[in-house]
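The structure appears below as structure tokens.
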Amino acid sequence: MKQFIIKNLKVILVTLSIIVTILIGSLIGIILVYQKGFPQIKALEDIRPMVMTTVYDDQKNLIKEFAIEKRTIVKSSDIPEVLKNAIIAAEDNEYYAHWGISFRGLFRAISGVIFNVNRGGGSTITMQLARNLFLFDERSERTFTRKLKEILMAIQIEKKYSKDQILTFYCNKIPFGGSAYGVEAASQYYFGKSVKEINLAEAALLSTVPPSPNRIFNIFKNPQNCLRRRNSILAKMLELNFISQEQYKEAREVELPKKPSEYYKETFGDYFIEETRKYIETKFGDNLLYKGGLRVYTTLNSELQKWAEESLKEGLRALDKRRGWRIKEKLPNLKKQKKDLLTHEVRAWKKLQIEEGKIVKGVVLECNNKRAIVKIKDFRGELAAKEASWTRRSLGSILKEGDIALFRIEKITKELSQYLAQKEKNKKIDLTKPKYKMKLFLEQEPDVQGAILVVDNKTGAIKAMVGGYSFEKSKWNNATQAKRQPGSTFKPIIYTAALENGYSPARIIQDEYFSDFDVHTEELWEPENFPVGYMGPLTLRRAFEMSRNVISAKLVKDITPARIVEYGKRFGITSELKPYITISLGVFEVTLKEMVAAYTVFPNMGIRVEPFFIKSIRETNNIIEEIMPERKQVIERETAFVMNYMMQGVVKYGTGQRASKLEAPIGGKTGTTDEFTNAWFIGFSPSVTVGVWVGLDSASESLGESETGGRAACPIFVSFMEKFLEKYPEPQQFRKPPGVIMVNIDKYTGKLFNEDCLYPFMEAFLPGTEPLEYCTEEDRSSIPDYYGDDD
């Protein structure tokens, strides 16, 4: 054999050289074939993975994310060493020793493919990065082709980038389940904190997830799998001297999280957030909205938003109860469905927290005309007949055994409160024993709708927006989309025009029968007051405070409807206003947003601000849009103050008296349309302007007899402002411009006050419009002594 080799050495060498050449050529050919069409690894940092758009409130607190993949890019310095070490221990403990390929792992993976046995992936961190960035569509395949592509791309990546850079790219790209991509999003999802703040046990747990985040290593579905692998990673970290024995033991004792953190939960501001989403989608498109990683800084104040939502809901529920029990069809009944009342679980109870004030579904266990016993989760509540008296029906005729109805938890007994505080230690309750009780109040789902909008006077920033009772049931935004007749809330624009055209608050006008030809209907128009009737001579102030329709019609007739339309546009009304005399009663439809913007003129001393809800939009480190507040002087400062002062009179003495208890200078105006189809109240303090609209989805359906703006909408304003003023107290008065003259007059006659008259009042006047004559006994006797308080 030896002699044969020596004798044929030349032939053997030539043959081997040919074989080697063929193998090298084949390898080069394979490389060229598989490289053809590959993305060029010119700059890995320019590759833009799908990054979520994050939305922040005015305190820079995260309130919403828009994403297909939830991801926040972090720098290498923000990724703790303990997490880097955990990932290396879990995925590639030779990471710093190889140049992108682990031959040991590769051989293990190839043999697994050959023998169809799962012996591990064999991919290095660099190969996994290549697969997730460039071979996304092929990542589920276990083939030689895919593996070869990973190898070739890993080599390119290793040639261009340092190990630290590659590990950072990896940490920002890898999926972690729950739509969370990258370590920052994963840390927020699982632990509710930034990745910079995680500990050893949490770092090891995060490293557990990537191989199968939604199945095998799903923390919430397969916690035991994750616990075993986490502890295995901790052992590997100990073996590699990344951690000490003491750290290892301590980390093993840490429990796994039982549910996702509250970080991603959307709990408020749905209408505001939807306006934000629509704006970005319209201006920048879906791709940038869901994949571009925008940072959107809004004007929303989370605290004010929650107050607004609470106030609107409680106001609509109160109004709805005045409309009576509306459930004509029978309630869902478990007894008729042959369900066990004691064991049946209502779906809405799954995530229910028992708290006072909550409105929840309950199952009626027994009922008579005096009381009902109701099951809510594992507890019992008692509904007394008086807590359902608003229905104006007997309790036994409303509720039957087995009915599922809505209840508000009025009070929790001390015993139940203690149980809830220690429920983890308690066994299941025996429902045959009425041990734990709640006091309940009967509720029903309102069919009335409403909206509330809160705007910062100085800037126009929208601080709170609620577009309806339930965003889940209707996405229609009554604050920005719905156009309704504003009724008397349009009158401040008319009275402003009157002041700038020679009228004064002390001017006497006759409240008497009035008619005019309406070119809109081509009929004689005869406006009516509410309440019906005429009050004779009234000062402009008293007519405004009591919202007398005839006086408004007379003003429009004198100033001309066309001129009023001009003023409406000056105040920022963009909806169509027609130059008809009926404009005096606010018959032309507008949005709540338009009216709130118009009212900012009065506390701002003549400056109108354009409401806006986004401050700036940033992409990486670039500002792609920044909103600058629009401010425009639309009337004289002195005129604005006099109107402001008159609108404070509406609150103190007129149709808005329900707001007079607020401890701040408050101006505002009520509005009610024919047949009580719309109820409005728009008011302001020195800091904010707040608009409230209440109505029904059908614009022609009545809210009910006497459901005026003062009764249906004003209480919602008051409820919000009480919460606002408790935390943000206002100065005691608005600043008066130097040009305004304050004169002590008789409020009823409009003349200078003296001992012959009875109603002294300090009135505000534009220079040259103040009265010059003193009140006489004859003047006093000619004015009816009448106070009105309805709209």
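Only the coordinates and a few stated rules stand behind these numbers; no lab work does. None of the values given here were measured: they were computed from a predicted structure. Every residue, glycine among them, receives a Cβ derived from its backbone with ideal geometry; neighbour counts consider all protein chains shown.
The HN-Hα couplings worked out from phi for region 722-738 by the Karplus form 6.51 cos²θ - 1.76 cosθ + 1.60 (θ = phi - 60°) are 4, 5, 5, 5, 5, 9, 10, x, 9, x, 7, 7, 7, 6, 8, x, x Hz, whole numbers, x standing for Gly and Pro.
A simple count of charges around PRO486, restricted to other residues whose Cβ falls under 10 Å of its Cβ and scoring Lys, Arg +1 and Asp, Glu -1, yields +2.
Return the FRET efficiency for the residue pair MET762, ASP674: r is the Cβ-Cβ distance, R0 is 56 Å, and the value is rounded to the nearest 0.05. Could you put the intermediate results ahead of the total?
Working: r = 36 Å, r/R0 = 0.65.
Efficiency, rounded to the nearest 0.05: 0.95.
With N the number of residues in region 663-758, Rg(Cα) / (2.2 N^0.38 Å) evaluates to 1.44. Taking amide H as placed 1.01 Å from N in the peptide plane, PHE612 has its amide H under 5 Å from the amide H of ALA461, ILE462, each at least 5 places away in sequence or on another chain. In the structure shown, the pairs LYS64/LYS258; LYS70/LYS160; LYS193/LYS473; LYS400/LYS475; LYS306/LYS615 are assessed against 25 Å; a Cα-Cα span above that value is assigned to LYS70/LYS160; LYS193/LYS473; LYS400/LYS475. The separation of region 596-641 from region 454-518, counted between C-alpha centres, amounts to 18 Å. Could you calculate the FRET efficiency of LYS306 with VAL532 from 1/(1 + (r/R0)^6), where r is the beta carbon distance between them and R0 is 51 Å, rounded to 0.05? E between LYS306 and VAL532, to the nearest 0.05, is 0.80.
Let's test the formula: R0 of 41 Å, r as the Cβ-Cβ distance of LEU227 and ARG326. What FRET efficiency results, to the nearest 0.05? List each step's numbers first, then the result.
Values: r = 53 Å, r/R0 = 1.28.
In this case the efficiency is close to 0.20.
Determine the relative contact order of region 658-791: mean sequence separation of Cα pairs under 8 Å and six or more apart, normalised by residue count, in whole percent.
Details: 233 pairs, mean separation 27.4, N = 134.
Worked out over region 658-791, it gives 20 percent.
Whole-Hz Karplus values for region 291-297 come out as 10, x, x, 5, 10, 10, 9 Hz, taken residue by residue from phi with 6.51 cos²θ - 1.76 cosθ + 1.60 and θ = phi - 60°; glycine and proline positions read x.
Take 346-353, 685-692, 662-669, 468-475 and order them by the average number of nearby Cβ atoms within 10 Å per residue, most first; the result is 685-692, 662-669, 468-475, 346-353. For region 518-556, run through the GluC sites (Glu not before Pro) and keep only the ones in DSSP coil with at most 16 other Cβ atoms within 10 Å of their Cβ. Sites meeting the loop and neighbour criteria: GLU522, GLU528.
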